[in-house]
Amino acid sequence: MSDYETVVGLEVHVELKTESKIFCSCPTKFGGAPNAQICEVCAGLPGALPRLNQKVVDYAIRTALALHCEVTRESRFDRKNYFYPDLPKGYQISQLYAPIGRDGFMDIDLSSPDEGSITKRIRIHELHMEDDAGKLTHDEASRKTFIDLSRCGVPLLEIVTEPDFRSAEEVVAFLETLRTMLKFIGVSDCKMQEGSLRADVNLSVRQVGADELGTRTEMKNLSSFRAVSKAISYEADRQWKVISEGGTIERETRRWDEEKEVSLAMRKKEDAAEYKYFPEPDLPMLHITSQKLATARAELPELPQERKNRYVTQMGLPKYDAGLLSAERKIAELFEKTARICGDPKEASNWMMGDFMKLLNDTSTAPEEIEIREESLGEIILMVKEGRISRASAKEVLRSAFAEETVPEEYATAHDLWLIRDEAVLMPVVQQVLDANEKAVNEYRAGKTKNLQFLLGQSMRATKGKADPSVLAMLVTQALQNDMT
Ligand SMILES: [Zn+2]
């Protein structure tokens, strides 16, 4: 069997986290009683008129800019007509002719055995807004199907890529990067288990080196990275087997059966013409002003991918650490503030990746719930660097700063955590310890130098662990040598 390559393009549906729906003011909350969040507009009653939620437009523009798309200044909505019980108005309001964004890209990092990691650019064909449909639940026992229209009108963005993927790994890397980015710019929660990020996979295979694309199939609504990965491997093998045996691939929509891990033919793929698209007559042209665009540009934060690169090139962090620290906006901002205050990005990264992440895990705190003063961690790191506090005490200070928003300086003072560095205070303690351990002192003087550790330990214990270790070591060594002469 000769070598083949897999060609994949994606259509990703992202649910936007607006409070209300795209064409009415019903709430978008997940869960809740069936049909509790509907009105005449989203339930598709005759004569009800849609009103466009401006927040959806803002989020769409922000996403378009983050994906380096050209924003369409005269955007429009179109009706995609089809009948299905979960779509009471008989059409979806989508964008075919003038989508809000076009011709963008997103870079993804791929691991490569030779070079550590390489960057690949995935082109974005377009980005458009549309409304979601309802949800059907099939009850086998009663042989009934239930319809919940609460999802109708939940705002979606559809992101369509060019067929630039050549493996399941690339697709998963893209989806992970996209999810991180969308959460970072605050347009979606991207909870795959709640269906707020779903991918349709368009896949074809061809002989390695061939220019033309093969006939593609579409697998819809894959809702986990694992399913995406499994479905791609299975479908690519299936297609190549058909071709190798002299068969032809049908242009069709296939269903991925997550339990049996097989793809099954569902229906012949519809062409755009079969949906009888036409401009939505109930919504006016969507004119994006220069000012709106300029504001969106100005408000777009530095994106995770760019931050990650900056952490690696300017701060010298390993790629893995840089990736983790740049993934969540709150974490990234806290890290940068910390690095600035303590003047040591590496140490800031160590504390963030170690003790700080552990606190988040132990307390099941989501990044957006963090309430620590943003200066605190940087101040704590400085205290350790300046030798004013032990590492163990610093962890205690951090725990309190994290849980109760205490100010590190005040907490350390209140709990008497400062290290003693005053020689006038420490010297008498050292002398007392040496006097009490005459045997060890004499052995040291006779050449048993390892007794120094013992005497240091005893001195530290005598200060209840509060002495600055370097000052104490200096004093003990000095005292032992002074007495020798
Ligand atoms: Zn409604």
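The values are calculated or read from the model by the stated rules, or taken from the named source; none is laboratory data. Treat the numbers as computed from the prediction; the structure is a model and nothing was measured. Neighbour counts are summed over all protein chains in view; Cβ atoms, including those assigned to glycine, are modelled from backbone coordinates with ideal geometry. Just so you know, the surface numbers come from the protein's heavy atoms only, side chains and all, with ligands and any DNA or RNA stripped out. Shrake-Rupley method; radii C 1.70, N 1.55, O 1.52, S 1.80 Å.
Are there cysteines in the chain with no second cysteine's Cβ under 4.7 Å away, and if so, which?
Cys24, Cys26, Cys39, Cys69, Cys190, Cys342
I need the phi-derived Karplus couplings for the range 148-158: 6.51 cos²θ - 1.76 cosθ + 1.60, θ = phi - 60°, integer Hz, Gly and Pro marked x.
So the Karplus estimates, Gly and Pro as x, are 10, 8, 4, 6, 4, x, 5, x, 10, 10, 10 Hz.
Over the range 141-218, what per residue volume does the convex hull of the Cα atoms give, in whole Å³?
Normalising the Cα hull of the range 141-218 by residue number yields 172 Å³.
Rank Pro34, Ala366, Ser263 by how far each Cα sits towards the positive end of the charge dipole of the chain (+1 on Lys, Arg Cβ; -1 on Asp, Glu Cβ) and give me just the farthest.
Pro34
How many Å² of accessible area per residue for the range 4-292, probe 1.4 Å?
48
Which residue, chosen from Gln458, Ala473, Asn442, occupies the Cα position most advanced towards the positive end of the dipole of the range 423-484, where the dipole is computed from +1 (Lys, Arg) and -1 (Asp, Glu) charges on Cβ about the Cα centre?
Positive-end residue among those listed: Gln458.
Can you give the Kirkwood hydrodynamic radius for the chain, in Å, rounded to one decimal and based on Cα pairs? The partial results should precede the final answer.
Values: mean 1/r = 0.0368 Å⁻¹.
With all distinct Cα pairs of the chain included, I get 27.2 Å.
Quickly estimate the mean residue ellipticity at 222 nm for the chain, helices only: each DSSP H run with n ≥ 4 gives -39500 (n - 2.57), and the total goes over all residues, rounded to 500.
Calculated from helices alone, the mean residue ellipticity at 222 nm is -12000 deg cm²/dmol.
Going by alpha carbons, how many degrees (0 to 90, nearest 10) lie between the helix axis of 391-404 and the longest principal axis of the chain?
In the chain, helix 391-404 runs at an angle near 40 degrees to the longest axis.
Which whole-Hz ³J(HN,Hα) couplings does the range 227-239 yield from phi under the Karplus relation 6.51 cos²θ - 1.76 cosθ + 1.60, θ = phi - 60°, glycine and proline marked x?
4, 4, 5, 5, 5, 5, 4, 5, 5, 5, 4, 4, 4
Each residue of the range 188-197 in turn: what ³J(HN,Hα) in whole Hz from Karplus with 6.51, -1.76, 1.60 and θ = phi - 60°, glycine and Pro shown as x?
Each residue of the range 188-197 in turn: 8, 7, 6, 8, 5, 5, 9, x, 8, 9 Hz.
How big is the shadow of the Cα convex hull of the range 330-485, averaged over all directions, in nm²? Don't skip to the end; give the middle numbers.
Details: hull surface 42.9 nm².
Quarter of the Cα hull surface area: 10.7 nm².
Mind pulling up the Rg/Rh value for the range 75-232? Radius of gyration and Kirkwood radius, both on Cα. Can you show the working numbers first?
Values: Rg = 17.9 Å, Rh = 17.9 Å.
Rg/Rh: 1.00.
Roughly how big is the range 4-292's charge dipole about its Cα centre, with Cβ charges of +1 (Lys, Arg) and -1 (Asp, Glu), in debye to the nearest 20? Please report the intermediate quantities before stating the final value.
Values: 40 positive and 48 negative charges, 159 e Å.
About 760 debye.
So what's the angle, to the nearest 10 degrees on a 0 to 90 scale, between helix 329-342 and the longest Cα principal axis of the chain?
It is inclined by approximately 30 degrees.
State the percentage of accessible surface on the chain attributable to carbon and sulfur atoms; use a 1.4 Å probe and exclude ligands, DNA and RNA.
Carbon plus sulfur share of accessible area: 50 percent.
Expressed in nm to one decimal, what extension gain is obtained for the pair Ala36 and Arg226 from 0.36 nm per residue of sequence separation less their Cα-Cα distance?
Once the chain is fully extended between Ala36 and Arg226, it gains 65.1 nm.
Rg/Rh for the range 4-292 to two decimals, with Rh computed the Kirkwood way over all alpha-carbon pairs.
Answer for the range 4-292: 0.97.
With the convex hull built on the Cα atoms of the range 423-484, state its orientation-averaged projected area in nm². Please list the in-between numbers first.
Working: hull surface 14.4 nm².
Taking the Cα atoms of the range 423-484, their convex hull projects to 3.6 nm² on average.
Using the Cα centre of the range 159-220 as the reference point, and only Cβ charges (+1 on K/R, -1 on D/E), how large is the resulting charge dipole? Debye, rounded to the nearest 20.
It works out to roughly 200 debye.
Give me the mean projected area, in nm² to one decimal, of the convex hull enclosing the Cα positions of the range 302-414.
Details: hull surface 26.2 nm².
Reported value for the Cα convex hull: 6.6 nm².
I'd like the orientation of helix 304-315 relative to the chain: the angle between its Cα long axis and the longest Cα principal axis, in ° from 0 to 90, rounded to 10.
Roughly 30 degrees, rounded to the nearest 10.
Can you compute the charge dipole magnitude of the chain about its Cα centre, using +1 on each Lys and Arg Cβ and -1 on each Asp and Glu Cβ, nothing else charged? Give it in debye, rounded to the nearest 20.
260
At 1.4 Å probe radius, can you tell me the per residue accessible area of the range 302-414 in Å²?
It amounts to 48 Å² per residue over the range 302-414.
For the range 186-241, with the dipole built from +1 on Lys and Arg beta-carbon atoms and -1 on Asp and Glu ones, taken about the Cα centre, which of Leu203, Cys190, Ala227 lies farthest toward the positive end?
So the residue furthest toward the plus end is Ala227.
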